[in-house]
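Each value in this text was obtained by applying a stated rule to the coordinates, not by laboratory testing. All values derive from a computational prediction rather than experimental measurement. Counting neighbours? That spans all protein chains shown, and the Cβs are built from the backbone with ideal geometry, glycine included.
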Amino acid sequence: MSPSLELSAHVHHDRERRDRPQFAFVAERLWLDFVNTDTGVRGPDALHDFNRFVLWLEAAHVLDAERSATMRRRSEQQPAGALAVLGDARRVRTVLRALAERGVFASDVRMAALSEINRVLGRSAGTRRVELRPDGSFARAFVPVGDAFAGLLIPVVENAADALILDQLGRVRRCADPRCGRVFQDETKNGRRRWCDMATCGNRAKAARHRMKLHA
Ligand SMILES: [Zn+2]
């Protein structure tokens, strides 16, 4: 490749990167980060449209750049199919939010999540693989065959299934800022993580405490 071509490819890549929405991944679990895509407080919903959903899956390392581009192209050819996937993703997200917030004490919520997880898993055929990531780590992957759209939610529901299988719901918390709404997996040793993110909610709380002290 000539230097000028290389340069223009680079510029194009940067532009594409800049135009992409920024998504936050603060929950320590894919399924909880997916639930958090409905907290539009810090920007538009990641399920606002199909393109955005696919970019979110890419940002979450669920899709690689090539499959993400394929999905976006396919959605232009099959807009109705893409719309159906989006509706389905919203439905799954509602059920998983309930699981995150109330699953630990409500068995009916757990059962509803279970049937939703099995509905998604039962619909899609594909190949399971283990893939090497660019950073050298390994990850489970699911490569759908046939209706590729149907497989998009698999990694998310599998991750939620893991929370049930590994009995981790007791460690799922809601951010202590009532305006926030984000959920996360508390991985601290003492189990006392309070904030979705120290840089935003945690910092706001610290500043508020500080103001209170000054006015006392
Ligand atoms: Zn928060």
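Could you tell me which of rounded, prolate or oblate describes the chain, using a ≥ b ≥ c as the square roots of the eigenvalues of the alpha-carbon gyration tensor, with rounded for a/c under 1.5 and, failing that, prolate when a/b is larger than b/c and oblate otherwise?
Here the chain falls in the oblate category.
Taking every C-alpha pair closer than 8 Å and separated by at least 6 residues, the mean separation divided by the residue count of the range 77-193 gives a relative contact order of 21 percent. Inter-label distance, residue 64 to residue 25: 1.6 nm, where each label sits 7 Å from its Cα along the C-beta direction. Take the Cα of residue 140, step 7 Å along the line toward its Cβ, and report every residue of the range 82-120 whose backbone nitrogen sits under 14 Å from that point. Output list for this probe position: 118.
Take each uninterrupted DSSP H stretch in the chain, measure its Cα extent along the helix axis, and return the ones at 27 Å or beyond whose mean Kyte-Doolittle hydropathy is at least -1.0.
Values: long enough: 79-102 (35 Å, 0.25).
Helices meeting the criterion: 79-102.
Fully extending the segment from residue 214 to residue 48, taken as 0.36 nm per residue of separation minus the present Cα-Cα distance, adds 55.5 nm.
From least to most packed, judged by other beta carbons within 10 angstrom and beginning with the fewest, 117, 165 follow the order 165, 117.
Helix-derived [θ] at 222 nm for the chain: sum -39500 (n - 2.57) over DSSP H runs of at least 4, divide by residue count, nearest 500? Display every interim value, and only then the final one.
On the way: 8 runs with 112 residues, N = 216.
Taking each H run of at least 4 residues, the total per residue is -16500 deg cm²/dmol.
Cβ screening of the chain for cysteine pairs under 4.7 Å finds these without a partner: 201. Prolate is the label for the range 113-216. Its Cα gyration tensor axes, ordered a ≥ b ≥ c, give a/c of at least 1.5 and a/b above b/c.
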